[in-house]
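Working notes, beginning with the structure itself.
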Amino acid sequence: MKGRWIKITEAENIPLREGRPVKLGEVEIAIFNLNGRFLTIENACPHKGGPLCDGIVTGSAVVCPLHGRHFDLETGMPVRASEPACLTVFPTRVENGIVMVNIEAGHRAMDSAAA
Ligand code: FES
């Protein structure tokens, strides 16, 4: 996988079924803890920029706190097919209790589908 892995924080700093925002240069991401599995998406909702880190987690989706759109945390895709925009997702892993994210390897499902 291209890109380098960046150490973000200790896994225990992200509570179960919650998201936390992290700014890395120009990129703001939101890291979610799904029962010990960590998933990372861009933090700004593609609708009007709502902070997805503050959204409610339901199943493997997050609900935008501003207008309630649902996004799948694994794919970045909107849960309702009628909503066109999707989010960039970033590979995430835990190593020795530290959450690590690969920003350069972030991708959008829609871009892969179009390619
Ligand atoms: S800003 Fe997220 S649904 Fe509108």
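FYI, it's all coordinate maths here, none of it is from the lab. What you are looking at is a predicted structure, and each value in this text was computed from that prediction instead of being measured. Cβ placement follows ideal geometry from the backbone for every residue including glycine, while neighbour counts extend to all protein chains displayed.
Observations on the structure shown:
The rows are residues; the columns are (1) more than 12 Å from the chain's Cα centre (by Cα); (2) under 21 Å from Arg4 (Cα atoms); (3) among the charged types (D, E, K, R).
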{"site": "Leu24", "(1), (2), (3)": "yes, yes, no"}
{"site": "Lys48", "(1), (2), (3)": "yes, no, yes"}
{"site": "Gly59", "(1), (2), (3)": "yes, no, no"}
{"site": "Val62", "(1), (2), (3)": "no, no, no"}
{"site": "Asp72", "(1), (2), (3)": "no, no, yes"}
{"site": "Met77", "(1), (2), (3)": "no, no, no"}
{"site": "Arg108", "(1), (2), (3)": "no, yes, yes"}
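- If you go through the range 60-90 and pick out every residue that is among the small types (Gly, Ala, Ser) and either over 17 Å from Arg20 (Cα atoms) or near the ligand (Cβ under 8 Å from one of its atoms) (or both), you end up with 4.
- Residues that are among the aliphatic types (A, V, I, L, M), away from the ligand (no atom under 16 Å from the Cβ) and crowded, with 20+ Cβ neighbours inside 10 Å were ranked within the range 30-45; the one that is farthest from Val89 (Cα to Cα) is Ile31.
- Some residue of the range 46-58 being over 19 Å from Ile8 (Cα atoms), touching a residue at least 24 places away in the same chain (Cβ under 8 Å) and more than 9 Å from the ligand (Cβ to nearest atom): yes
- Enumerated strands (runs of 3 or more DSSP E) restricted to the range 1-86, each holding at least 2 residues that are within 16 Å of Ile103 (Cβ to Cβ) and of a type outside the set (Gly, Ala, Ser): 6-10, 19-24, 27-34, 37-42
- You will find that of Val101, Val89, the residue that is of a type in the set (A, V, I, L, M) and in contact (Cβ under 8 Å) with a residue 60 or more places away in the chain is Val101 and no other.
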